Amino acid sequence: MWKPGTLPLPALRERIAASAAGARAAFARTGDGPACLRRRSAEVDQLLRTIWAGVLGEREAPVALFALGGFGRAELFPFSDVDVLFLCGSEAAERDAHELIRSATQAIWDAGLRASPATRTVRDCERLDGRGNLEFAISLLDRRFLTGDAALGTRFEAEVLPAALLRELPVLESQLAAAAMSRHAKFGDTIFHLEPNVKEGPGGLRDHNLVQWMQTLRLLAAGRAWPSQRPALLLRNGADTLPALAARATLTGSPGYLDAAFVFLAAARCFLPFRSGRDDNTLDWAAQDEAAAQSIGLETLGSAGPAYWMRTFYRHARTVYRRASILVDAAPADRGKPLLRALRRKRTGIAGTPFVVEGNRITLDHSALTDADALLRGFVYVAQYGSRFDEEAESRITESLPALAVQLPEGPFLWNCLRDILLGPHAAHALRTMHALGLLELLLPEFHGIDSLVVRDAYHRYTVDEHTFLTIENIHALRTPRHEWERRFSTLLPEIERRDLLLLTLLLHDTGKARRTGDHARESIELAERVFTRLEFDLEERDTVRRLIRNHLEMSHALRRDIFDPGTVRAFSEHAPSQQQLKMLTLLTFADIKAVHPDALTPWKAENIWQLYIATANYLDRSVDESRFHVDADPVVLARILASVAVHGGFRDAKDVQHEQLRAFLEGMPQRYLQTRLPDQIGEHFRLSLALALEPTQLSFRPYRQYNEVTLLTRDRPMLFADMAGALSAWGMNIVKADAFSNAAGIIVDSFQFTDPFRTLELNPGEHERFLASLRRALEGKVGIEQMLRARQHPRLGRPAHPGLRMEGVPQPHFDGESSSHSTLIQIVAPDSPGLLRALATAIAGCGCSIEVALIDTEGELAIDVFYITFEGRKLRPREQGCLAEAIVAALGQERNGVSLKPAQLGVVDGANPV
Amino acid sequence: MFKIEAILQPSRLDAVKDALLEAGIEGMTILEARGHGRQKGHTEFYRGREYTVDLLPKVKLETVVPDELVEKAISAISNAARTGKIGDGKIFLTRIDEAIRIRNDERGPTAL
């Protein structure tokens, strides 16, 4: 056994203290984190060599000293542990050197450093156990010979360690990936924390290390020897400065960006312990303020705002996290059945693209990626299946962007691709990937302003871009609700007719936050207008998205008031004047609040949103008749309508619009009509009303993306609504929505939205005219509806459309005599079937009742119909209500049994009143 | 010292917080709650089904105040929370024996 020599400990302590003070002063002066690390590592290198020489004296020992971990990488942070390996040539040497090693370790401590020593023999290292001691095995990847037995060190470096690592390689990779996933999970798998940990958090320095380790292991596996140059070593030699790196780094995620991220993160992690006087890695708010004020890690000196500084932090963290996630994802799974592994390895191409899918990974074949269509199809696949591109594919995608930028896709082609991406169950993942690779901003430059934008308040956990992606994720998560309170909202999702527009709204709703004007909704609309133009949206699509963005905070605002107060409900309903808009706004609010913070949407708040939704839905159905437009009472609205009808209604200018006729047309119309119709629709209806003098039945037809709409203008008469419903049914059309409004002059505007299950109108454009002529003849009584129905009799038409839907007994009508001062409301909720609306309208007319307003809706397999009924111009009395209830129940019972009712069966005899 | 527990309409919370701050009371705990007193809830009709909303959304505010501020706090809460309608809420008072600040073991009203 050797005896240790003597060491000048006080002098060593002074040297270390002076070195620490010097490093701190230099950092305060330059803000150069990597330089600080190199300087400290070099000082400690020197100290350890001195200590080892001191304890060894004149003797020689078969012991080699290696720096490990961060110290091995020459990245020794202030207050960090000093990891040292004492490698002994044999067990005997270990025994003999025991006292020397103990003395050296003691000396390191006495010198004022926190030593973290490990003593191993060469044989120990040959039996490296990646599963049992991952931390030690990985720390060896960063080993750096310091002093001692150089021959032993060389043999260890060149032979022992590569062989041991190669043997354990798959285990090391999988264990490293598993440890990273576990660490990420502790931080909620997101970089976006209000007070992030710069070392352990996702996108922090540990992830930067992970990238280096993974790449080292890959290169080792490929070359069966150490790579000639260690990956991402650009900064180690001190030759690169931040501006040089920034100039070289042109692609997101490239090594240059990774090193730029390291420069920033290293500076932040030097700043924190210097600030607090201890090993501190948490960027709390006060630290963020101070770091920003000192421009820590930024290229420019001086003072920056905390929001800007944190935005820079998140951008760097995102680069690191993205690269780390790709490598973790690509690591071999430690477990899994052979068959499953084989299936995962199966390679299949994505049709029409150079992308190849292997397991959950998407690679690129050798053909060039020059086609925007192919690229976007790749992302549609990602949105559909949640796959990830491998590193090479991502690099080639970013490389292809400049060429794609020359001929950017626009119009319906771009919208169809974006639409498919938005509608995919993994849309948020696909959009995040597009964003990280720069593709999203290329397609939607409006998104640039919210890239890593920080909202610094106590509520927002995430940056604005991440919040946006989370809102979309929250909508798709409703497909598989996890809580009972989520289940209710999930029932609304299939009822949204334009889910694509809801998701696009979510993508754009906060883009205006970048402008910091205090009214981000207005700014977001302005940015969205540019998107509408590029995507060539029609007026209705524009109006839907615009309205949703404008009102996206209104439901949250209403929640701060008494949601059971009719005044609150009435005021809120102004922002969502139709059931579709209300459902969209409800889901938007749900997703938006939930994406603010993991705990932002409590079951309590979710329940309140739901209560407000129900109250407003009921209010919308029950208030139509109460609130009518009177031109003299509201000249401002009249002037607005006049102007918009002139612009959108096909008139040359406002003078061309016949003012008095427009007043007459609008007088007494329900406000709902004005709120739910676009200016061009009102204009068209007005034009039709002008033509009534020539032709008493005016019809117009409009095809939409998912349905067709036919609008009828005429003078009201008994059975009109029933006849129209019957005529559409006779053509095999499935009515999904309808409404009927009338003005003070008794002109009715009935709109029916219907699907065309047999694609009669789509495949036969010439049928449009015949279809409208047939409807007109039926409405004018020139052909009997029953005759039409018989002529079109189809075996399926007599049966309920949804035999799978079960309801207990025959559905009962719900009468409400309170909500309207003029009419009695009837709500009927029943399984939808092709002839249902005709049967109900016939039953109502059969009892001598008039339909003042009708709101017809289908929600999945349910028909939800609301009629405002009068009898001889007044509300129904109890006896009339009873008779009508019987007639409706009879109609529903017959429909349920698949028997179509004839008017005579419901008591209609030449318009006589059977009640 | 007294603990004040107030059951409030959620829509009045901001006004009550402002009133308490004005009265010199800064510390408070807010809990989301559901319940009913004589208000009892109401019946809604949705998709052909009737259901009763019997537990209405409320917030519960808790604060502990020194004896000399009790009446001021009650008055602040009452005035700010009152709408005059059923369901405005309740205030409950409980005597508190001791308060301890965990950071420095300070005790009594100064720990509040």
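The values are calculated or read from the model by the stated rules, or taken from the named source; none is laboratory data. Remember, it's a predicted structure, so these values are computed and weren't measured experimentally. When we count neighbours, we look across all protein chains shown, and the Cβ atoms used for this are built from the backbone with ideal geometry, even at glycine. In case anyone asks, the SASA skips ligands and DNA or RNA and just uses the protein heavy atoms, side chains included. Shrake-Rupley method; radii C 1.70, N 1.55, O 1.52, S 1.80 Å.
At a glance:
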quantity	calculated
Placed amide H near residue A:199: partners under 5 Å, 5+ positions off or other chain	A:205
Cβ-defined net charge surrounding residue A:454, 14 Å radius [Lys, Arg +1; Asp, Glu -1]	0
Estimated vicinal HN-Hα couplings, Hz - segment A:696-709 in sequence order (Karplus 6.51, -1.76, 1.60; Gly, Pro = x)	x, 10, 10, 10, 9, 10, 9, x, 10, 4, 10, 7, 10, 9
Per-selection Kirkwood Rh - chain A (Cα, Å, 1 d.p.)	32.7 Å
Residues of the protein assembly as shown: accessible area per residue with a 1.4 Å probe, Å²	44 Å²
The protein assembly as shown: antiparallel DSSP beta bridges as a percent of all, rounded to 5	90 percent
Crossing angle, helix A:464-477 versus chain A [Cα axis fit, 0-90 degrees, rounded to tens]	60 degrees
Total charge dipole magnitude, segment A:696-771, about the Cα centre, Cβ charges on Lys, Arg, Asp, Glu only, Debye to nearest 20	60 debye
Cα centroid of segment A:1-61 to Cα centroid of segment A:422-499, whole Å	51 Å
Options A:100, A:22, A:152, ranked by Cα towards positive dipole end of segment A:9-327, top entry (Cβ charges)	A:22
Neighbour cut-off at most 15 other Cβ (10 Å), DSSP loop, GluC sites (Glu not before Pro), segment A:1-74	A:58, A:60
Segment A:9-327 - Rg and Dmax from Cα coordinates, angstrom	19.8, 60
Residue A:294 long-range amide H proximity, modeled H, under 5 Å	A:304
Extended-chain gain in nm, criterion 0.36 nm per residue less alpha-carbon gap, residue A:760 and residue A:704	18.7 nm
Neighbourhood net charge (12 Å Cβ-Cβ; Lys/Arg +1, Asp/Glu -1) for residue A:630	-1
Averaged over A:559-565, number of beta-carbon atoms from partner chains that fall within 10 Å	6
Sequence-distant residues sharing a close amide H with residue A:146 (under 5 Å, placed H)	A:65, A:66, A:67
HN-Hα J in Hz across segment A:306-315 - Karplus 6.51, -1.76, 1.60, θ = phi - 60°, x for Gly and Pro	x, 5, 5, 5, 5, 4, 5, 4, 5, 5
Carbon/sulfur fraction of accessible area - the protein assembly as shown, other protein chains in place, 1.4 Å, %	51 percent
Charge dipole magnitude, Cβ of K and R +1, D and E -1 - segment A:391-523, Cα centre, debye nearest 20	440 debye
Within 10 Å of each Cβ in B:83-91, the average number of Cβ atoms from other chains	1
Helix-derived mean residue ellipticity, 222 nm - over chain A, DSSP H n ≥ 4, -39500 (n - 2.57), to 500	-16500 deg cm²/dmol
Karplus (6.51, -1.76, 1.60) ³J(HN,Hα), θ = phi - 60°, over segment B:25-30, in Hz, Gly and Pro reported as x	10, 9, x, 7, 10, 10
Contact surface A-B: accessible area buried, both sides summed, square angstrom, 1.4 angstrom probe	1800 Å²
Rounded to the nearest 20 debye, dipole of the protein assembly as shown from Cβ charges on Lys, Arg, Asp, Glu	1500 debye
